[in-house]
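Colleague: One structure is given below, represented as structure tokens, and several questions about it will come after.
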Amino acid sequence: QVQLVESGGGLVQAGGSLRLSCVVSGSIVGLSAMSWYRQPPGKERELVATVSNPYETSYADSVKGRFTISQDKSGKTLYLQMNSLKPEDTAVYYCKALKLGRNYWGQGTQVTVSS
């Protein structure tokens, strides 16, 4: 069993920064990739960034140059550093882990960027 818990969301002014965290509980054996997704109000969930074993990263075009995905040394905490935030970044952000062909999701954390 894998459990994911996100934190770090909140209200921030446009141009500001936030760092989201996702803590993985349970064994990380077989964990091959972790991702951040987001779901803006009234829209579909979309992929924001991914890191795969051991260090390959990818980003959505809309966040390139502003967001950074990373992991701690243990691999049990995932981060999303968000800089130069825009109102369009407002969404519920979700952490996702891929383990042995199965996806695991966190509960989400709200990020609101004011104009």
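Colleague: Mind checking which residues of segment 69-101 are at pLDDT 95 or above and open to solvent by 70 Å² or more (accessible area, probe 1.4 Å)?
Modeller: Lys86, Glu88
Colleague: Still on this model: Identify the residue in segment 1-20 that is out of contact with any Phe, Trp or Tyr (no Cβ under 8 Å at 6 or more places or on another chain) and small (Gly, Ala, Ser) and, among all such residues, is farthest from Ile69 (Cα to Cα). Full working, then the answer.
Modeller: In the first step, residues of segment 1-20 are kept if they are out of contact with any Phe, Trp or Tyr (no Cβ under 8 Å at 6 or more places or on another chain); the result is 1, 5, 7-8, 10-18.
Filter once more, keeping what is small (Gly, Ala, Ser): 7-8, 10, 14-17.
Details: Ser7: 15, Gly8: 14, Gly10: 18, Ala14: 20, Gly15: 19, Gly16: 17, Ser17: 14 Å.
Going through the qualifying residues, I end up with Ala14.
Colleague: Select from segment 30-58 the residues that are free of Cβ contacts under 8 Å to residues at least 60 places away in the same chain and part of a loop (DSSP other than H, G, I, E, B) and list them in ascending order.
Modeller: Pro40, Pro41, Gly42, Lys43, Glu44, Arg45, Asn53, Pro54, Tyr55
Colleague: Here's something else I'd like to know. Check off (1) among the basic types (Lys, Arg); (2) surrounded by 12 or more Cβ atoms within 10 Å (Cβ to Cβ); (3) closer than 20 Å to Trp105 by Cβ for Arg66 and give me the number that stays unchecked.
Modeller: Failed condition: (3).
Colleague: Condition first: farther than 12 Å from Tyr37 by Cα and small (Gly, Ala, Ser). Now tell me which residues in segment 78-101 satisfy that.
Modeller: Of everything in segment 78-101, those that are farther than 12 Å from Tyr37 by Cα and small (Gly, Ala, Ser) turn out to be Ser84, Gly101.
Colleague: Just to be sure before I move on: is Gly16 open to solvent by less than 40 Å² (accessible area, probe 1.4 Å) and without any contact (Cβ under 8 Å) to a residue 60 or more places away in the chain in the structure I sent? Can you show your working first?
Modeller: Working: open to solvent by less than 40 Å² (accessible area, probe 1.4 Å): yes; without any contact (Cβ under 8 Å) to a residue 60 or more places away in the chain: no.
Here the answer is no, as Gly16 does not meet what is asked.
Colleague: So, in segment 102-112, how many residues would count as being open to solvent by 20 Å² or more (accessible area, probe 1.4 Å) and touching a Lys or Arg at 6+ places or on another chain (Cβ under 9 Å)?
Modeller: 3
Colleague: If you don't mind, another one. Just checking, which of Val48, Val23 is modelled with pLDDT of 95 or more, aliphatic (A, V, I, L, M) and either out of contact with any Phe, Trp or Tyr (no Cβ under 8 Å at 6 or more places or on another chain) or farther than 22 Å from Gln3 by Cα (or both)? Talk me through it step by step, then tell me what you get.
Modeller: Values: Val48 fails: either out of contact with any Phe, Trp or Tyr (no Cβ under 8 Å at 6 or more places or on another chain) or farther than 22 Å from Gln3 by Cα (or both).
Every option except Val23 fails the conditions.
Colleague: Could you check segment 62-115 for strands (runs of 3 or more DSSP E) lying wholly inside it with 3 or more residues that are within 21 Å of Ser52 (Cβ to Cβ)? I'd like the intermediate steps shown before the answer.
Modeller: Numbers: elements: 67-71, 77-82, 91-99, 102-105, 109-114.
Where strands (runs of 3 or more DSSP E) fall fully within segment 62-115 and carry at least 3 residues being within 21 Å of Ser52 (Cβ to Cβ), they are 67-71, 77-82, 91-99, 102-105.
Colleague: Only residues that are over 13 Å from Thr109 (Cα atoms) and of a type in the set (D, E, K, R): list them for segment 3-50, please.
Modeller: Lys43, Glu44, Arg45, Glu46
Colleague: I'd like the residue in segment 1-11 that is under 23 Å from Asp72 (Cβ atoms) and either open to solvent by 30 Å² or more (accessible area, probe 1.4 Å) or over 15 Å from the mean Cα position of the chain (by Cα) (or both) and, out of all such residues, is modelled with the lowest pLDDT.
Modeller: Narrowing segment 1-11 to residues under 23 Å from Asp72 (Cβ atoms): 1-10.
Among the residues that remain, those that are also either open to solvent by 30 Å² or more (accessible area, probe 1.4 Å) or over 15 Å from the mean Cα position of the chain (by Cα) (or both) are: 1-3, 5, 7-9.
Values: Gln1: 79, Val2: 91, Gln3: 95, Val5: 97, Ser7: 97, Gly8: 97, Gly9: 98.
Residue satisfying both the conditions and the ranking: Gln1.
The values are calculated or read from the model by the stated rules, or taken from the named source; none is laboratory data. Since this is a predicted model, take the numbers as computed values, not measurements. Positions of Cβ are generated from backbone atoms using ideal geometry, with glycine treated the same way; all protein chains shown enter the neighbour counts. Ligands, DNA and RNA are stripped out before the accessible areas are found, and what is left, the full protein with its side chains, is counted by its heavy atoms. Shrake-Rupley method; radii C 1.70, N 1.55, O 1.52, S 1.80 Å.
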